[in-house]
Amino acid sequence: MLFPTVEFALFFLLAFALAWGTVRHHVTHKRVLLVLSYFFYGFWDWHFLPLLFTISLYGWVAARGIERGKYKRRWLIGGIAACLLTLGWYKYLAFFLQNFLNLANSFGIELQVSVTSPILPLGISFMSFHAISLMIDVWRGKLERAPSLEDVLLYVAFFPQLIAGPILRASTFMPQLQKAPDPSRIETSRALLLIAIGLFKKVVIANSLATLMVDDVFANPQSFSASQVLLGIYGYAAQIYCDFSGYTDIAIGCALLLGYRFPDNFDNPYRSASPQEFWRRWHISLSTWLREYLFIPLGGSRQGEWLNVRNLFITMLLGGLWHGAAWNFVVWGFWHGMLLAVHRVWDNYWYANGNDEWRESDQWRYASRFLLFHAVCVGWIFFRAADLSQAFTVMQQLVAGSWHWDLAPGMLLCVLLGIGMHYLPSRVLLRAQLMGMRMPAVVLGASFAISLTVIEVLGPSAPAPFIYFQF
Amino acid sequence: MVRSASITDVIRALASALLVALLLEATGLVVWAERLEVGTLRDVAQPVTQTWQRIVTGLHLDAPRRLALDLRERWSTTLIPESEDLPGVATTPAVRPQIAAPTAAVVIEPREPKLESPADPDKKISAATDAAETKAVVSTDQPPKQVALVGDSMMAVGLAPVLRRNITRENGKRLVRAYRSGTGLGRPDVFNWPVQYPQMIGAARPELVICAIGANDAQNFQVERNVYLFGTPAWKQMYGERVRDFAKLLTRDGAHVLWIGMPVMRESGFSRRMALINLLVKEVLAEFPQITWIDPNTYLAGSGGSFEQYRQDQRGKLVRLRADDGIHLSEEGAAYLLPAISGWMQRTAPGI
C-alpha cells in the first residue's frame, strides 16, 4: 500500500474515522491504531507479521528486564543482540557469507556452501532501530518506566512511519501514547500542506526523474554524453531527496491528522556548507539515532582527534551498511566518514590559524555549499549504482564522455525544482500554512483535492516505489 | 505557536476534499478499479466507479481534468522532446497510455499498469526499474539493424541492462526497448500488449526480438462476466490464445523471436505456477517456426532444477544470480544467458 494510491487514501480515511471515533476510550483507541498498523503491514506480506511482533517483543522484554534493575546490562546487550542478529539474518547473512567464501577462495581454501538469502522484510531496519531505541532509552532512564506491551507494539508498528521512518526515539514518542490526542488541537493546515508537498515531491519530481532520466543513465552510462551523465547524477540527488523527504512529509502529515507529532527528518540538506551540517539536515532521525546510540557510546568527539576520526568512520561505515548489504553502500559510508574526518581536521587547522573572519564571508559560504553539494553527489553515484563497477563506469563516462549541452528541458526543470526548493525561504511555507488556517475548512479541503489532481496529472504514467522501502 | 483546528473542522476539510477529489478523479477511479485483481473488490468497485463516472461526465464536471491532461500532453512534447540528435542515443517518445475520453461505452487504457498476483514480482522491484521503459536506443551507424527487447520486469530487471550494454557495444545495431514492468499477457484490461507493442516500437521493424514475459500472469482473469481461475482448462485455453496472438504480432514482419521462459523461483508455489506457464507457452510457440523458446533453468537453476541464488563462477568467485526478491535476475545472473542469446543471434541472423 504505497502512499500515493487510492488504496492508501481509503485506508487512511478508515483509520482516521476509527481512531478519532474511539479517542475517548484511550486503550481502545491505541488498540485500533495497532490493528490498523498490523493490517497496513500485512497488506504487503502477512507472512512477516510475526517478525514485526517478535522484534517489538525483544524491545519490550529487554526494557522490562532493564527496568527491574537486576542484570540490567545483560538485558540490554541481550536485547540489542537479538535485534541485530534478526536484522543480520535477513539483511546481511548472504552478503557476509558471499564475501567470506570469496575471501577464503582467494587464499586457495575451497569452501562449498549453498547460499540463499531470505526475503528481506519491508522496513526491518526501521523496526530494529525502534526496538533498540526503546531499550537504550529505558537503560538511560529517559523513560520513567518501561512501557506496556501494547504501547511498544504500537510504537514499533505505527503505520505512518513503519516502512521508511522517520525513526522515532522512544523517549520522544512514548510520552505521546500516555494520553489520548486532543481533538481540539489538530494541525490540519500544516498536515494537508505537508501531504500535498510530499506527494508533489514524490510523484512529480522524483518519479519523473527516475523514469525519464536517472534510471536510464545509471543502467547504461556509456550510451550518454558526459553532460547527460552529469545531469543524471544531479537528477539522482534531486530524486532521492524528493523521494525520501516526500515520504517523510506525507508520514508527518498523516500522523498530524491522527493527532501525533513526528520529528522533522530533513532541513534543506543541500544548503549545507559542511559535512557536519549536511548530517544535521539529511535524514535527521537516522543521524540523530546513530549519534545517540553509536557515536556517543563509542566515545564521541571527546577523546582526542584521532579517536574522534575513528568513531566517525565506524559510525558512517555502519550507517552505510544500514542502507544495504553491498559494497557500494560501504563505500558510500566510507566516503561520508572521510568527508567528516577531513573536514574536522581542516576545521581545526583553520581555527588554529585564525581564519575565522574569512570563513564567515558569503563567498566562502557559497563556495562551501557548492563543494559540499558536489561531494555529496559523488557519494550518490555509489549509492545509486547497482555495484561498484557500475559506479566507476558512471564516473569514467563523466570524465571521458563528450560534452554536448543537449539536455531535455523538462528534466532540467525537475532537477532545478528538486534542488532549488532548498533555497525557498521558510516564510513561504509558513505563509501558505497560515493562509490554509484562515480558509474555511471546506475551502481548505477543496484546495487540497485540486492540488492532488494537479499532482496526479503532472506525474509520469508509471509508479515507482519509494527508494527507502528497500532499507 | 500551535496552529490547530478542531476535529469538526478537520472532518469538514476531509469531507470536502473527498467530494472534490471524487468529482475531479472520476475517470482515474475507473482506471483504478480496472487494474484491481480479479475478485470481490473489483466486482464492487467497477460498477460503482463507472456509474459515478457517467454521472460526472454527464454534468461535464470532468472538464478541468481533461483540460489539464491535454495541457500536459502539449507541454510534455516541448519539455521532453524527441532527441534524435543526441550523441549515440536517440529516443522515441515514451508511450503514455491515455485515459480514454470518458463516454458511456468507454475503453480504458490505464496510465499506471500494475498487476498483483499472490507473488507479484513487481511489488518487490526497486525504483530503479519500475519505469515506463518504452524508448528506442539507437547507435549511429547506417542503416541500423534492429533488435527489440520485449517483456515485463523479467526483461527490465537484470536482463535488459546486460543486453543493452552488450548489444549496443557493437556498431550497426539499433536496440528497440519495448518492455514495461508490472505487465503481462494475462490482463489486457490492465496493459494491452497487442495494442501497446506497435506503439512502443513505433516505426521500427525489428529483425530480431528477445522476449521475456509471464511473471505477472499467474493469476485469475475476467472476460466480461466470466472469471477464469488460474490453471483451469478454460484459463489455459484463454491464456494460450493470448500468447498465440502476441506471438503472431511479434513475428508479423518476419522477425525472429527468442522467447526466454520463466526461471525457477525461490517460493515453491510461485515456481510451480511459472512451470505451468512455461509448459503452456512452449506448447503454443511450437506452432511458430520463427520463434525459439529457451529454458533459462538450463543456465540458472541448481542441481535437479532447484532455485540457486548464488553460484561460483569460473574464477571460483561466488556471484549472485538472482535479485533479493527471489524472482528477478541479477545482472550477473542475466549474463549467464548471454552465450545462449548471442548464439541464437548468430545462428538466426549472422549479418546482425
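Checked across the range B:46-66, the condition of being buried (at least 20 other Cβ atoms within 10 Å of the Cβ), under 24 Å from the mean Cα position of the chain (by Cα) and of a type in the set (K, R) holds for no residue.
Considering every residue within the range B:250-261, establish whether at least one is of a type in the set (F, W, Y), over 30 Å from A:S117 (Cα atoms) and touching a Phe, Trp or Tyr at 6+ places or on another chain (Cβ under 7 Å). No: the range B:250-261 contains no residue that is of a type in the set (F, W, Y), over 30 Å from A:S117 (Cα atoms) and touching a Phe, Trp or Tyr at 6+ places or on another chain (Cβ under 7 Å).
Please tell me if B:A323 is closer than 26 Å to B:A148 by Cα, at pLDDT 90 or above and under 26 Å from the mean Cα position of the chain (by Cα). Judged against the criteria, B:A323 is not a match.
Condition check: buried (at least 24 other Cβ atoms within 10 Å of the Cβ), touching a helix residue (DSSP H, G or I) at 6+ places or on another chain (Cβ under 6 Å) and over 27 Å from A:L398 (Cβ atoms). Does A:G253 satisfy that?
On the way: buried (at least 24 other Cβ atoms within 10 Å of the Cβ): yes; touching a helix residue (DSSP H, G or I) at 6+ places or on another chain (Cβ under 6 Å): yes; over 27 Å from A:L398 (Cβ atoms): yes.
Against the criterion (buried (at least 24 other Cβ atoms within 10 Å of the Cβ), touching a helix residue (DSSP H, G or I) at 6+ places or on another chain (Cβ under 6 Å) and over 27 Å from A:L398 (Cβ atoms)), A:G253 qualifies.
Looking at B:E34, B:E25 in this structure, which one is at the interface with another protein chain (Cβ under 7 Å from one of its Cβ atoms) and in contact (Cβ under 8 Å) with a residue 24 or more places away in the chain?
On the way: B:E34 fails: at the interface with another protein chain (Cβ under 7 Å from one of its Cβ atoms).
Answer to the selection: B:E25.
Among the residues here, A:V115 does not qualify as away from chain B (no Cβ under 14 Å), surrounded by 14 or more Cβ atoms within 10 Å (Cβ to Cβ) and either among the hydroxyl-bearing types (S, T, Y) or touching a helix residue (DSSP H, G or I) at 6+ places or on another chain (Cβ under 9 Å) (or both). Checking every residue in the range A:384-391 against the condition of being in contact (Cβ under 8 Å) with a residue 24 or more places away in the chain and polar (S, T, N, Q) gives at least one match.
So which residues in the range B:37-49 are in contact with a helix residue (DSSP H, G or I) (Cβ under 6 Å, 6 or more places away or on another chain) and more than 11 Å from chain A (Cβ to nearest Cβ)?
Initial filter on the range B:37-49 (in contact with a helix residue (DSSP H, G or I) (Cβ under 6 Å, 6 or more places away or on another chain)): B:45-46, B:49.
Across the range B:37-49, the qualifying residue is only B:Q46.
Only one residue in A:Q176, A:Q239, A:Q228, A:Q222 is more than 10 Å from every other protein chain (Cβ to nearest Cβ) and either more than 25 Å from A:I132 (Cβ to Cβ) or surrounded by fewer than 24 Cβ atoms within 10 Å (Cβ to Cβ) (or both), so which one is that? Walk me through how you get there before you give the answer.
Values: A:Q239 fails: more than 10 Å from every other protein chain (Cβ to nearest Cβ); A:Q228 fails: more than 10 Å from every other protein chain (Cβ to nearest Cβ); A:Q222 fails: more than 10 Å from every other protein chain (Cβ to nearest Cβ).
The unique qualifying residue is A:Q176.
Selection of the range B:1-14 for residues being in a helix (DSSP H, G or I) and either charged (D, E, K, R) or more than 7 Å from chain A (Cβ to nearest Cβ) (or both) yields B:T8, B:D9, B:I11, B:R12.
Out of curiosity, is B:S303 surrounded by fewer than 16 Cβ atoms within 10 Å (Cβ to Cβ) and either at pLDDT below 90 or within 12 Å of another protein chain (Cβ to nearest Cβ) (or both)? Step through it out loud before you land on a result.
Numbers: surrounded by fewer than 16 Cβ atoms within 10 Å (Cβ to Cβ): yes; either at pLDDT below 90 or within 12 Å of another protein chain (Cβ to nearest Cβ) (or both): yes.
So B:S303 passes the test.
Residues in the range A:406-420 that are without any contact (Cβ under 8 Å) to a residue 24 or more places away in the chain and either more than 8 Å from chain B (Cβ to nearest Cβ) or in contact with a His (Cβ under 9 Å, 6 or more places away or on another chain) (or both): A:L416, A:G420.
Annotation note: of B:K282, B:K236, the sole residue that is farther than 22 Å from B:L338 by Cα and surrounded by fewer than 20 Cβ atoms within 10 Å (Cβ to Cβ) is B:K236.
Within the range A:332-352, the set of residues being farther than 15 Å from A:E305 by Cβ and buried (at least 20 other Cβ atoms within 10 Å of the Cβ) comprises A:W332, A:G333, A:W335, A:H336, A:L339.
Just one of the listed residues (A:A82, A:A146) is modelled with pLDDT under 85 and surrounded by 16 or more Cβ atoms within 10 Å (Cβ to Cβ), and it is A:A146. Residues that are within 24 Å of B:R205 (Cα to Cα) number at least 2 in the following helices (runs of 4 or more DSSP H) confined to the range B:233-352: B:233-250, B:268-285, B:338-348. Test A:Y90 against the criterion of being within 29 Å of B:L318 (Cα to Cα), touching a helix residue (DSSP H, G or I) at 6+ places or on another chain (Cβ under 9 Å), part of a helix (DSSP H, G or I) and touching a residue at least 24 places away in the same chain (Cβ under 8 Å), and give yes or no. Considered against the rule, which asks whether it is within 29 Å of B:L318 (Cα to Cα), touching a helix residue (DSSP H, G or I) at 6+ places or on another chain (Cβ under 9 Å), part of a helix (DSSP H, G or I) and touching a residue at least 24 places away in the same chain (Cβ under 8 Å), A:Y90 comes out as yes. Checked against (1) under 25 Å from the mean Cα position of the chain (by Cα); (2) within 12 Å of chain B (Cβ to nearest Cβ); (3) not in a helix (DSSP H, G or I), A:F3 passes all but a single condition, namely (2). Only a single item in (1) within 9 Å of another protein chain (Cβ to nearest Cβ); (2) modelled with pLDDT of 90 or more is not met by B:R54, and it is number (1). For first residues located in the range A:297-320 and in contact (Cβ under 8 Å) with a residue 40 or more places away in the chain and part of a helix (DSSP H, G or I), partners that are crowded, with 18+ Cβ neighbours inside 10 Å and of a type in the set (S, T, N, Q) and lie 6+ apart or on another chain with Cβ distances below 9 Å do not occur.
The values are calculated or read from the model by the stated rules, or taken from the named source; none is laboratory data. What you see is a predicted model, and the numbers here were worked out from it, not measured in a lab. All Cβ positions, even for glycine, are placed from backbone atoms using ideal geometry, and neighbour counts span all protein chains on display.
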